[in-house]
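Notes to accompany the following structure.
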Amino acid sequence: MELALVESESFSPSCPTLIMPALSIGNVGQLAVDLLISSARARRVAYLYEPSVLPCAGNDAFGPDAVGDLALALEAYESTSHRLAFIQQRSPVITGMMVSFAKNVADFISSIGKNHIVIISSLDSGKRRVIDASSDMQVYYLSSCNEDGSDPEYEKLGWKKLEDYNPSQKRWSYLASLVEGGGLSEDMDDDTDEMTINDYYVSLPFAALFSACKAKGLKVSCVLCYCSEGDNMPESFQLAEAVCKFLGHDPEKFHGNGSNGWIVPLSWKSVYGPPPDMSIF
């Protein structure tokens with residue numbers, strides 16, 4: 001991965017935690033990272049280039065006015081007042097290159113001195129085996145704290161560990177081997193007909209990023225929710241608030257005085273219109 005620093009900018013050692021999305025259904029991860037960058041008033045530090053990510057360009061995503069500053073496929077932001085760094089990804093990874101992308105991301109994050117990676121993503125509600133209709137949107141997590149992905153600190157928040165994560169399961173083990181430089185084994189190459197619901201999770205971008213960062217020795221946490229395609233602003237608001245809480249930020253003090261207490265990015269307004277009334281969720 002290559003970078004071009006914005007003039008007079010550099011990565012700060014005072015921002016050890018980095019938040020980034022893993023692209024998935026509903027773009028919830030990207031929307032939540034947009035919301036956090038905008039509300040933290042983070043400044044753009046660098047444009048990133050990664051050959052496995054499809055190129056794209058658009059107008060300034062955060063505003064407050066569209067002045068013609070280009071937004072590219074991969075960018076890095078920092079907010080020293082919040083001690084947070086961000087990577088925003090606006091286009092998908094080329095098919096078949098996700099593991100390569102994840103390894104490059106882990107190497108890059110390590111090289112700029114970040115030691116805790118928070119990956120925000122979504123899961124297809126159609127793949128959910130047990131639905132809890134008695135509660136609001138449930139936040140799921142995965143952590144490198146313990147080998148089984150559990151973390152007592154997140155359990156205290158009422159989150160649930162992703163139930164289908166099993167590092168000893170065949171495909172999770174295979175993914176770990178890939179990010180550590182292993183080759184394709186014949187038995188894995190020939191068993192596509194044996195894929196089950198468990199294999200859905202390991203096939204998603206968050207799984208490759210989690211495995212690559214973990215293999216690099218970085219502390220990594222995934223913050224996840226189930227959703228369907230549609231207007232996924234409610235999920236992005238709730239995941240952004242969840243990230244604030246577990247990082248020790250008071251959501252009411254984290255953001256400014258924008259709509260619903262959050263500063264909604266300029267790029268949302270032309271697509272989604274006014275933000276939803278979060279009091280009804």
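The values are calculated or read from the model by the stated rules, or taken from the named source; none is laboratory data. Small disclaimer: the values here were computed from a predicted structure and weren't measured. Cβ coordinates were reconstructed from backbone atoms using ideal geometry, including for glycine residues, and neighbour counts include every protein chain displayed. Side chains included, ligands, DNA and RNA excluded: accessible areas come from the protein's heavy atoms. Shrake-Rupley method; radii C 1.70, N 1.55, O 1.52, S 1.80 Å.
Given the conditions (1) closer than 19 Å to residue 27 by Cβ; (2) at pLDDT below 95; (3) surrounded by 13 or more Cβ atoms within 10 Å (Cβ to Cβ), and given that residue 126 satisfies all but one, which numbered condition is not satisfied?
It fails just one condition, (3).
The conditions are (1) in contact (Cβ under 8 Å) with a residue 12 or more places away in the chain; (2) open to solvent by 20 Å² or more (accessible area, probe 1.4 Å); (3) not in a strand (DSSP E or B), and residue 67 fails exactly one of them. Which is it?
Of the numbered conditions (1) in contact (Cβ under 8 Å) with a residue 12 or more places away in the chain; (2) open to solvent by 20 Å² or more (accessible area, probe 1.4 Å); (3) not in a strand (DSSP E or B), the odd one out for residue 67 is (1).
Filter segment 113-122 down to the residues that are out of contact with any Cys (no Cβ under 6 Å at 6 or more places or on another chain) and either crowded, with 19+ Cβ neighbours inside 10 Å or among the acidic types (Asp, Glu) (or both), then identify the one that is farthest from residue 210 (Cα to Cα).
Once the filter is applied, the top-ranked residue is 114.
Pick out the one residue from 147, 75 that is at pLDDT 85 or above and either over 30 Å from residue 266 (Cα atoms) or open to solvent by 50 Å² or more (accessible area, probe 1.4 Å) (or both).
147
What tally of residues in segment 32-49 results from selecting those that are under 16 Å from residue 245 (Cα atoms) and open to solvent by 50 Å² or more (accessible area, probe 1.4 Å)?
0
List pairs: first in segment 208-219 and assigned to a helix (DSSP H, G or I), second open to solvent by 20 Å² or more (accessible area, probe 1.4 Å), Cβ under 7 Å, 6+ apart or cross-chain?
208/98; 208/99; 211/176; 212/103; 214/144; 215/176; 215/180
Going by what's in this entry, would residue 155 be described as out of contact with any Gly (no Cβ under 7 Å at 6 or more places or on another chain), modelled with pLDDT of 90 or more and either aromatic (Phe, Trp, Tyr) or surrounded by fewer than 18 Cβ atoms within 10 Å (Cβ to Cβ) (or both)?
Taking the combined requirement at face value, the residue satisfies it.
May I ask you to list the residues in segment 91-112 that are touching a Leu at 6+ places or on another chain (Cβ under 7 Å), aliphatic (A, V, I, L, M) and open to solvent by 10 Å² or more (accessible area, probe 1.4 Å)?
Answer for segment 91-112, where residues must be touching a Leu at 6+ places or on another chain (Cβ under 7 Å), aliphatic (A, V, I, L, M) and open to solvent by 10 Å² or more (accessible area, probe 1.4 Å): 94, 99.
What is the one condition in (1) part of a strand (DSSP E or B); (2) free of Cβ contacts under 8 Å to residues at least 60 places away in the same chain; (3) out of contact with any Ser or Thr (no Cβ under 8 Å at 6 or more places or on another chain) that residue 10 does not satisfy?
Just one mismatch for residue 10, condition (1).
Can you run down the residue pairs with Cβ atoms below 8 Å, 6 or more apart or on separate chains, where the first is in segment 37-60 and basic (Lys, Arg) and the partner is open to solvent by less than 20 Å² (accessible area, probe 1.4 Å)?
41/79; 41/256; 43/77; 43/78; 43/79; 44/75; 44/76; 44/77
Anything in segment 13-56 that is assigned to a loop (DSSP other than H, G, I, E, B), of a type in the set (Ser, Thr, Tyr) and farther than 30 Å from residue 228 by Cα? List them, or say none.
14
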